Number of protein chains: 2
Amino acid sequence: MSASETSEFNIIRWIRSVTPPARNVPVGIGDDCAAIVLDCRRCLLKIDQTVEGIHFQAAAWRSMPEHVGRKALARPLSDIAAMAGKPLAAVISVLLPALFTAEDTRRLYTGMKGLADEFDTNIVGGDIACGGDRLVISVSVLGESNKRGDVTRSGARPGDALFVTGELGGSILGKHLTFTPRIREALELAEILPLHAMIDISDGLAADLQHVLDESGVGAVLRADSIPISEAARAVARQREGHPLDHALDDGEDYELLFTVPGPAAERVPKELASGVRVSCIGEITSAPGLWMEDASGRRAIQPKGWVHRVGAP
Amino acid sequence: MSASETSEFNIIRWIRSVTPPARNVPVGIGDDCAAIVLDCRRCLLKIDQTVEGIHFQAAAWRSMPEHVGRKALARPLSDIAAMAGKPLAAVISVLLPALFTAEDTRRLYTGMKGLADEFDTNIVGGDIACGGDRLVISVSVLGESNKRGDVTRSGARPGDALFVTGELGGSILGKHLTFTPRIREALELAEILPLHAMIDISDGLAADLQHVLDESGVGAVLRADSIPISEAARAVARQREGHPLDHALDDGEDYELLFTVPGPAAERVPKELASGVRVSCIGEITSAPGLWMEDASGRRAIQPKGWVHRVGAP
């Protein structure tokens, strides 16, 4: 793009040119709203923001704006996965920092568009503003509910077995920018299992499990030796002289699925899904409240340490 | 709220407590996604961001965060109106500046919630992050398409009569923060008239009319003495020694509706809608391209001056 082609309207014109119309989107980019035709009358809606200095560093957009754009869409897609839903359409608002070039914008959008295409999600609209202090991207995704019902955080029951996909911890070494939302895995799980509760791990295994426990009014016991610890968690633990298990428990941004199934269905949970992603049974849901860790030395209560944003006190 | 209650999770808990469940929202705030049941399978989706320093000044959130919250929701609602749609649900992402207090957040949300209730729109989810340099709010609204069809920007035809609601210009004096999205007016117009094209005036009458002309492949003639000039436009013109008509043409953020109907239907357009909002016929659509202004001295081509965001050249 030349300097004369860098206005908001020209960027939108370029985005329209690389975003062909879709069958189920009778009105797409360029009108006041997009119009979307659904297969059913029950839908999912989610918004997530991805902010420079919080979810990625300025160096990331300077060197690989594609990854930042991809992550901004991947985060809400991961939430659609956590409900066992199917994404349909996304709308995007972007506040560009003053230093952002038209080429950066093109690369940012290219990263988003690649992931959107991978999951048959149409980018149907957006809003661009310029002159921000930092890059701020909000993405809202419209999805279709699973026909077997939405899998919420509140469905865990005492006696449920507790599972996670993938390996956990150390996402700061790179996975937080390049993870694949577990859409396919969630649809496969919902197809073959009576899922009781599900959440995606963004705040950390312990913190997100605690959300499920709070919403379901139950407790849980984790088995220390069953938690799948990633190579990245081990590497971070070595750097910081910590314990790999702590990183698997408390590092955020794994974007894996944490789910429960009734005890008797536990043996039907595959060790590996069609995509090659591993599934691990890590514990069980208890009627007694609280979160417990069990290892060779016994059982102890644990406190989630996942990151909590704070606003200034009044 | 006390200082100990100011974390993101406590704010979300407070928001949940003042946002009761709705019949058509089986899963609301607090899960990975919201689930919404629609009356039909065709829906509308829109996102708009409202940014400190662009859409309001820091003084506005310091003195009246309710107005800023209200505006952040009103902007995408105005786009739903522009399609003659009915809003159903909204999700909100907020990046709070470091100085923002929990009380500011509560007041911001109270302003949004008041407007949402006025238009039967459920706030079903959101994302809060802290420590920004400035307040940035993105709101995505899900709506239902009008059963008579979506009214797009591309439907204007030669011979159509051109109308606007309300009075135009000078919104900077206050209306840009307090306007009411023309949802009711758009639904009434769609009920009684064969609307060809519609848009909400956010960039300015001339600039938004130009969008309709570009998308429809037509031109238009405006009649200078028919354009409804607001008192605020006259006041701003006096302050700046300009012409009131220029402010009505080029000031942004009126959030009134601009629409076209086939010529023969023009006489059926009411002078005033049920809400008391005035409607003015301001010109007509031509097959010849271009935008023209007609007054006692003749006809001259005009150029939209509406504000265009620019990103830095690469």
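The values are calculated or read from the model by the stated rules, or taken from the named source; none is laboratory data. Keep in mind that what you see is a predicted model, and the values were worked out from it rather than measured. Positions of Cβ are backbone-derived with ideal geometry, glycine not excepted, and every protein chain shown enters the neighbour counts. Just the protein is used for accessible areas: all its heavy atoms, side chains included, with ligands, DNA and RNA removed. Shrake-Rupley method; radii C 1.70, N 1.55, O 1.52, S 1.80 Å.
Being touching a helix residue (DSSP H, G or I) at 6+ places or on another chain (Cβ under 6 Å) and open to solvent by less than 20 Å² (accessible area, probe 1.4 Å) holds for only one residue in A:Ala265, A:Ala248, A:Ala232, and it is A:Ala248. Among residues of the stretch B:181-196 that are closer than 21 Å to B:Pro76 by Cα and touching a residue at least 40 places away in the same chain (Cβ under 8 Å), those with a beta-carbon under 7 Å from a residue that is among the aromatic types (Phe, Trp, Tyr) and not in a helix (DSSP H, G or I) at least six positions away or on a different chain give the pairs B:Pro181/B:Tyr255; B:Ile183/B:Phe119; B:Leu189/B:Phe259; B:Leu195/B:Phe259.
In the stretch B:198-225, of all residues being within 14 Å of chain A (Cβ to nearest Cβ) and among the acidic types (Asp, Glu), the one that is nearest to the chain's Cα centre (by Cα) corresponds to B:Asp200.
Does the stretch A:32-64 hold any residues that are of a type in the set (D, E, K, R) and touching a residue at least 60 places away in the same chain (Cβ under 8 Å), and which are they?
Hits for the stretch A:32-64 are A:Asp39, A:Arg42, A:Lys46, A:Asp48, A:Glu52.
Scanning the stretch B:169-194 for residues that are of a type outside the set (D, E, K, R) and touching a Ser or Thr at 6+ places or on another chain (Cβ under 6 Å) turns up B:Gly169, B:Gly170, B:Pro181. The one condition from (1) within 26 Å of A:Asp254 (Cα to Cα); (2) surrounded by fewer than 24 Cβ atoms within 10 Å (Cβ to Cβ) that A:Pro87 does not meet is (2). Across the stretch B:123-135, a minimum of one residue is classified as of a type in the set (D, E, K, R), part of a strand (DSSP E or B) and out of contact with any Leu (no Cβ under 6 Å at 6 or more places or on another chain). When the stretch B:110-127 is examined, which residues are found to be open to solvent by less than 10 Å² (accessible area, probe 1.4 Å) and within 7 Å of chain A (Cβ to nearest Cβ)? Passing the criteria: only B:Val124. Considering the stretch B:128-162, and only residues there that are open to solvent by less than 20 Å² (accessible area, probe 1.4 Å) and of a type in the set (D, E, K, R), the residue that is farthest from the other protein chains (Cβ to nearest Cβ) turns out to be B:Asp160.
Would you mention how many residues in the stretch A:43-74 are of a type in the set (Lys, Arg) and open to solvent by less than 20 Å² (accessible area, probe 1.4 Å)?
The number of residues fulfilling the criteria is 1.
Among what's in the stretch A:77-103 and is in contact with a strand residue (DSSP E or B) (Cβ under 8 Å, 6 or more places away or on another chain) and among the charged types (D, E, K, R), pick the residue that is farthest from B:Val27 (Cα to Cα). Among residues in the stretch A:77-103 that are in contact with a strand residue (DSSP E or B) (Cβ under 8 Å, 6 or more places away or on another chain) and among the charged types (D, E, K, R), the one farthest from B:Val27 (Cα to Cα) is A:Lys86. Scanning the stretch A:95-114 for residues that are of a type in the set (A, V, I, L, M) and within 19 Å of the chain's Cα centre (by Cα) turns up A:Leu108, A:Met112.
For the stretch A:194-206, residues that are outside any strand (DSSP E or B), among the hydrophobic types (A, V, I, L, M, F, W, C) and open to solvent by less than 10 Å² (accessible area, probe 1.4 Å) total 3. Name the single residue, out of those in the stretch B:268-293 being more than 20 Å from the chain's Cα centre (by Cα) and hydroxyl-bearing (Ser, Thr, Tyr), that is least open to solvent (accessible area, probe 1.4 Å). That would be B:Thr286.
Can you find even one residue in the stretch B:206-222 that is among the β-branched types (Val, Ile, Thr) and closer than 18 Å to B:Lys71 by Cβ? For the stretch B:206-222, residues among the β-branched types (Val, Ile, Thr) and closer than 18 Å to B:Lys71 by Cβ: absent. Of the residues examined, B:Glu241 is not one that is more than 19 Å from the chain's Cα centre (by Cα), acidic (Asp, Glu), over 30 Å from A:Cys130 (Cα atoms) and open to solvent by 40 Å² or more (accessible area, probe 1.4 Å). Check every one of the helices (runs of 4 or more DSSP H) wholly within the stretch B:1-109 and list those with 1 or more residues that are within 7 Å of chain A (Cβ to nearest Cβ). In the stretch B:1-109, B:8-17, B:65-82 are the helices (runs of 4 or more DSSP H) which contain 1 or more residues that are within 7 Å of chain A (Cβ to nearest Cβ).
Every test in (1) within 21 Å of A:Thr165 (Cβ to Cβ); (2) surrounded by fewer than 24 Cβ atoms within 10 Å (Cβ to Cβ) is passed by A:Pro97 save one, and that test is (1). Within the stretch B:163-176, the residues that satisfy the criterion of being β-branched (Val, Ile, Thr) and either crowded, with 21+ Cβ neighbours inside 10 Å or within 20 Å of B:Ala220 (Cα to Cα) (or both) are B:Val164, B:Thr165. For the stretch B:187-195, check the following and say yes or no: at least one residue is within 14 Å of another protein chain (Cβ to nearest Cβ) and at positive phi. Looking through the stretch B:187-195, none of the residues is within 14 Å of another protein chain (Cβ to nearest Cβ) and at positive phi.
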